[in-house]
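Read the structure below first, then the notes.
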Amino acid sequence: MPSAPAPPTASPAAREPATLPPHVLVLHNDEQNTLGYVVDVLRRVLGLSASRAWRLARVTHRRGRCAVWAGHRELAELKAVQVRAAGPDPGVVALGDPCRPLRVSVERAPSG
């Protein structure tokens with residue numbers, strides 16, 4: 001009696017789970033929120049150290065934008081929502097000055 005053919009085996013590459021393309025959370029500079037507040041939000045939302053948060057805030061201020069976090073898109077989008085949900089700098093709002101939440105965007109990370 002003939003035996004049933006063996007099921008095809010997948011190549012090692014076919015068995016590997018697909019990796020999600022990396023994305024970055026980009027912080028955009030504004031002239032409303034204070035650097036101290038930006039640092040506070042980066043520390044609370046992204047879990048950055050004080051020194052790293054200050055460095056990224058200064059880079060953002062000088063260059064106009066800076067990638068502050070990297071990971072898969074869904075988590076980057078969640079981080080963006082959390083940063084925006086932190087609201088505007090309460091110290092600036094208390095002075096009666098117009099102020100908006102921090103501006104962030106999620107972008108595909110540059111390859112290579």
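The values are calculated or read from the model by the stated rules, or taken from the named source; none is laboratory data. Every value quoted in this text rests on a predicted model; they were computed, and no experiment measured them. All Cβ positions, glycine included, derive from the backbone under ideal geometry; neighbour counts span all protein chains shown.
Restricting 81, 104 to residues that are of a type in the set (Val, Ile, Thr) and in contact (Cβ under 8 Å) with a residue 24 or more places away in the chain narrows the list to 104.
For residue 57, the test of being without any contact (Cβ under 8 Å) to a residue 60 or more places away in the chain, buried (at least 19 other Cβ atoms within 10 Å of the Cβ) and touching a Cys at 6+ places or on another chain (Cβ under 9 Å) is passed.
Quick grid of which residues meet (1) exposed (fewer than 12 other Cβ atoms within 10 Å of the Cβ); (2) touching a Gly at 6+ places or on another chain (Cβ under 8 Å); (3) in a loop (DSSP other than H, G, I, E, B); (4) modelled with pLDDT of 95 or more:
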residue	(1), (2), (3), (4)
52	no, no, no, yes
61	no, no, no, yes
68	no, no, no, yes
80	no, no, no, yes
92	no, no, no, no
96	yes, no, yes, no
101	no, yes, yes, yes
106	no, no, no, yes
